[in-house]
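For reference, the structure is listed below as structure tokens.
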Amino acid sequence: MAKPIAPIPHKGGIAPSFVGLPQGDWPLILDFLIHRFPHVAADDICGRLLRGEVVDEVGNPYRVDSPYRAGTVLWYYRPQPEPLTVPFAEHILYQDEVLLVVDKPHFLPVAPVGRYALENLQTRLRLRLNNPEITPLHRLDKETAGVILFCQKAEHRHAYHGLFESRQIQKTYEAIAGFRAELSFPCVHRSRIEYRDDAFTVQEVAGEANSETAIELLERRGDYAHYRLAPHTGRKHQLRVHLAGLGIPIVNDAWYPELMPDKGNDFSSPLQLLARAIEFVDPVTGEARRFESQRELAWPT
């Protein structure tokens, strides 16, 4: 179903969640919620209803004795897990009425997820600029720093998304990674990337290539090197997988080539991958745009 209009506002930069009520024989809304959320204690659900924290499509609170009405919608705020604070600041590189360009730090997710439901770039920007419509226009891993685009007005998102779908945006990355003398640069690495069955990571497999990255050597220091990376496709974790596949994994990569334990609150070893620059013709203004990160990568000591 298409997302309906919320009758309650964003809370702390987080949008409310909704559930459509299907056909069923639940006498009360309470009975449905206990069935729908088996992992939540019934007493907790009762408490939320008593506190007026679950509302109908026009914002009226449900009660513990409210009858079930199929075909309607209920709204609520998801309980937030214990937040994880990221002690690094983002920097706004450019801002107008439509476009927002940000230099993201390492470790900060772009959008709300898990322990980062409040500590993420989208929420920070919505609160900082008092604009609940701010939405990212593309992905950037939590571990990756650098340039990312946001749209400030919902009606213009489609125009920018079209640039990415038609590959009319040029993105340049930099990485500090291993060095192998037998590899020749510049080169173009192509492979087939598929999701793993046993983890959230991806892997290179045999088959027709669906990913492509141009790799250029900028500088070498002993066993490590500084590379410029130009992805021609946008597969999940593509740059990390490609460099690991070449035997030159990115410094401090906890996922490739081997999945390591979650770093948790340890911010001492950032992944040395940076979204350095992004270039495109603005679909709203027609202007040629180029934005560049002011951050620098760190060589291993």
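So here's what we get for this one:
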{"read-out": "Helical contribution to [θ] at 222 nm, DSSP H n ≥ 4, -39,500 (n - 2.57), averaged over the chain, rounded to 500", "value": "-4000 deg cm²/dmol"}
{"read-out": "The chain: relative contact order in percent, alpha carbon pairs under 8 Å with at least 6 residues between", "value": "14"}
{"read-out": "Calculated log₁₀ intensity ratio I(q)/I(0) where the Debye formula runs over C-alpha points of the stretch 168-254, q = 0.13, 0.16 Å⁻¹", "value": "-0.41, -0.61"}
{"read-out": "Taking the convex hull of Cα positions in the stretch 155-301, its mean projected area over all directions (nm²)", "value": "11.2"}
{"read-out": "Evaluated over the stretch 1-107, the Cα radius of gyration and Dmax, each in Å", "value": "18.3, 54"}
{"read-out": "FRET efficiency for Asn265 and Arg192, using Cβ-Cβ distance with R0 set to 35 Å, rounded to 0.05", "value": "0.45"}
{"read-out": "Net lengthening on full extension, His35/Ala209 (0.36 nm per residue, minus Cα-Cα)", "value": "58.2 nm"}
{"read-out": "Normalised contact order of the stretch 1-116, rounded percent, pairs of Cα under 8 Å and 6 or more residues apart", "value": "26"}
{"read-out": "Stokes-Einstein D in µm²/s, Kirkwood radius over Cα pairs - the chain at 25 °C with 0.890 mPa s viscosity", "value": "112"}
{"read-out": "Segment Cys46-Arg69, length gained on full extension (0.36 nm per residue, minus Cα span)", "value": "6.5 nm"}
{"read-out": "Gaussian network model of the chain, springs between alpha carbon atoms under 10 Å - residue of Leu239, Leu129, Leu229 with greatest fluctuation", "value": "Leu129"}
{"read-out": "Per-selection Kirkwood Rh - the stretch 226-301 (Cα, Å, 1 d.p.)", "value": "14.7"}
{"read-out": "Nearest-0.05 FRET efficiency for Leu28 and Asp282, computed from C-beta distance (R0 41 Å)", "value": "0.20"}
{"read-out": "Residue-normalised accessible area of the chain, expressed per residue, 1.4 Å probe, Å²", "value": "53"}
{"read-out": "Two-decimal ratio, the stretch 119-224, of alpha-carbon radius of gyration to 2.2 N^0.38 Å", "value": "1.40"}
{"read-out": "Over 20 Å (Cα to Cα) - which of Lys171/Lys236; Lys142/Lys236; Lys11/Lys104 fall in this group", "value": "Lys11/Lys104"}
{"read-out": "Computed P(r) (all Cα pairs; the stretch 246-289; 10 Å bins; percent)", "value": "21, 32, 18, 22, 7"}
{"read-out": "Full-stretch length increase - Leu217, Ile92 - with 0.36 nm per residue and alpha-carbon distance subtracted", "value": "42.1 nm"}
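The values are calculated or read from the model by the stated rules, or taken from the named source; none is laboratory data. All values reported here derive from a predicted model rather than from experimental measurement. Glycine gets a Cβ as well: all are built from the backbone with ideal geometry, and neighbour counts include every protein chain shown. Side chains included, ligands, DNA and RNA excluded: accessible areas come from the protein's heavy atoms. Shrake-Rupley method; radii C 1.70, N 1.55, O 1.52, S 1.80 Å.
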